[in-house]
Amino acid sequence: GVGYATHSLGLSFAFGAFVAGMVLSESRYAYQALSDILPLRDIFSLIFFASVGMLIDPFYVWDHIGTIVVLALAILVGKGLIFGSMARLFRYRNVIPLALGFGMFQVGELSFLLLQQGTDSGSFPREYFPLFMGAGIVTMLITPIMASCTGPVYSMLQSRRKTDPLQTVNLPESELDGHVVILGYGRFGSYVAEALREIDIPHVVVELDANKVELAADAGRAVIYGDAGQEIVLEAARVPHARMVLLTIPSVRGSTAVLEKISHLAPQCPVVALSRNPEHLEILNELGVHHIIMPEFETGLEMVRETLFNFCLPAVEIQNVMDSMRRERYTTDVERNYPKSAQLSRLSKAAESLNLNWVEVSDEAEIIGRSLAGSKIRTVTGVSVAGVLRVDHFIQNPDGSFQFADGDIVGVLGGRKNIERFRCLASKPEDGEKER
């Protein structure tokens, strides 16, 4: 219907199909229609580009190669400047304007339809049709090559740029010292900043994205607007005086450049960095990063922990499995580079080895009304009572005069057999124990 309507208005059925697709995309049937059309997409693409190729005369292109190249360059430069300027206009910074300019300057498929329609209607000279078709094909061939050059060109421009305009928000008047420098205010950087603010640890955020800078500023963060790959920005964040640096930049090239600057300014400053894949991890390890975190791997480990927990495996066994998987994945020698981290790891393992279990006291348990000393729990079961949760308050390390009551939830430490004995002591003889 839409195709016929556009045809009656003097437009082509192809343009009508395009409009019909736009209308369908806004309807409730959009996802189902898309799933039905996807198997045919590759076939139609093949037919489309084959038909475009049939319209090209190689001898004509060779005879007019100079004009076609000039026209293609004009399209590339014009569209590149337009998209790059639009990115800057919407306050995108860093590599984004350059990536848009290099990746979006090719002639789109719709342009061929409009060119054909203009030629058929007489509004566009037919003798120029092969020229613009050739120029369009050239832009399509060049775009992938130029898009792959985005990273190297951006790095070259950054190396030639001496300084960036440095803007700061909410920086304290006193000099920062012993603080945390967070490079990047994405998901991970914002989580860490929130946690540091909760426990009142001074920190400063370095971010190049203007929108994220505004978010951080609105949240009351101390923010430096600039490129972390420049020494002047790292000096403004007082990296040499920082307690540690958190590097959340996802790109390999960007993180490498930042680490080189940090190693020059503050070689002894501990760095915690994110790694997106094993190759990135290897590069960070070679650069001497003190601790590397792979978010997707850690998410997988958490799923492993929850899975094993639902099989009622002891916490010690679960932790051993997770530690083994971490040792296989991470190659950074944490104990050599950062002894404090190794100490925390050992403390974490020791805490897991305590094997704390929670047991609810049944209403007919024989220990109800008896004191902790009188019931001789340590002698009979071998467990130690670490605390008792009673209604709405927690009794930590109860003394010998403490008396058990119905509904008490007792936290006990001990081996598996010892805990089993205490469960029997705290439960009804006929229905067994309840554990939380």
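Modelled with pLDDT of 90 or more and under 26 Å from T150 (Cβ atoms): does that describe I262?
Details: modelled with pLDDT of 90 or more: yes; under 26 Å from T150 (Cβ atoms): yes.
Spelling it out, I262 is indeed modelled with pLDDT of 90 or more and under 26 Å from T150 (Cβ atoms).
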message = For the list (1) modelled with pLDDT of 80 or more; (2) of a type in the set (G, A, S); (3) surrounded by 14 or more Cβ atoms within 10 Å (Cβ to Cβ), I need the number of the one condition that G151 fails.
response = (1)
ask   = Can you name the residue in the range 82-97 that is among the hydrophobic types (A, V, I, L, M, F, W, C) and more than 20 Å from M140 (Cβ to Cβ) and, of all such residues, is surrounded by the fewest Cβ atoms within 10 Å (Cβ to Cβ)?
value = L89
remark   = By residue number, the members of the range 100-109 that are assigned to a helix (DSSP H, G or I) and either surrounded by fewer than 19 Cβ atoms within 10 Å (Cβ to Cβ) or in contact with a strand residue (DSSP E or B) (Cβ under 6 Å, 6 or more places away or on another chain) (or both) are G103, E109
task = Please identify the pairs in which a residue from the range 180-205 that is under 12 Å from A222 (Cα atoms) has its Cβ atom under 6 Å from the Cβ atom of a residue that is of a type in the set (D, E), counting only partners at least 6 apart or on another chain.
result = Y185/E207
task = Mind telling me which of the residues E433, E352 ends up being at pLDDT below 90, crowded, with 16+ Cβ neighbours inside 10 Å and touching a Cys at 6+ places or on another chain (Cβ under 8 Å)?
result = E433
ask   = Within the range 55-66, is even one residue among the charged types (D, E, K, R), touching a residue at least 60 places away in the same chain (Cβ under 8 Å) and either touching a Ser or Thr at 6+ places or on another chain (Cβ under 6 Å) or surrounded by 16 or more Cβ atoms within 10 Å (Cβ to Cβ) (or both)?
value = no
query = So which of V380, V385, V359 is over 34 Å from the mean Cα position of the chain (by Cα), in a helix (DSSP H, G or I) and modelled with pLDDT of 55 or more?
reply = V380
task = Starting from the range 366-378, keep only residues that are surrounded by fewer than 17 Cβ atoms within 10 Å (Cβ to Cβ), then list their pairs with residues that are assigned to a loop (DSSP other than H, G, I, E, B) whose Cβ atoms are within a distance under 6 Å, requiring at least 6 positions of separation or different chains.
result = S371/S401; A373/G400
remark   = When the range 154-180 is checked residue by residue, the ones that are modelled with pLDDT under 90 and hydrophobic (A, V, I, L, M, F, W, C) are M156, L157, L166, V169, L171, L176
task = Filter the range 175-192 down to residues that are aromatic (F, W, Y) and surrounded by 15 or more Cβ atoms within 10 Å (Cβ to Cβ) and give me whichever is farthest from I262 (Cα to Cα).
result = F188
ask   = Restricting attention to the range 110-119, does a residue exist that is part of a loop (DSSP other than H, G, I, E, B) and crowded, with 17+ Cβ neighbours inside 10 Å?
value = no
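Those residues that are closer than 23 Å to L247 by Cβ and at pLDDT below 85, I need them from the range 292-334; list them, please.
The first filter runs over the range 292-334 and keeps only residues closer than 23 Å to L247 by Cβ, leaving 292-302, 326-327, 329-334.
The answer is R326, R327, R329, Y330, T331, T332, D333, V334.
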query = Of the residues G118, G84, which is free of Cβ contacts under 8 Å to residues at least 24 places away in the same chain and over 23 Å from G226 (Cα atoms)?
reply = G118
message = For the range 233-252, which positions are at pLDDT 85 or above and either aliphatic (A, V, I, L, M) or in contact with a Ser or Thr (Cβ under 6 Å, 6 or more places away or on another chain) (or both)?
response = V233, L234, A236, A237, V239, A242, M244, V245, L246, L247, I249
query = Applying the selection to the range 235-262, what residues are touching a Cys at 6+ places or on another chain (Cβ under 9 Å) and of a type in the set (G, A, S)?
reply = A242
request  = Pick out the one residue from L183, L208, L196 that is at pLDDT 80 or above and touching a His at 6+ places or on another chain (Cβ under 6 Å).
outcome  = L196
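The values are calculated or read from the model by the stated rules, or taken from the named source; none is laboratory data. Small disclaimer: the values here were computed from a predicted structure and weren't measured. Reconstructed Cβ throughout: ideal geometry from the backbone, glycine too, with neighbour counts over all protein chains shown.
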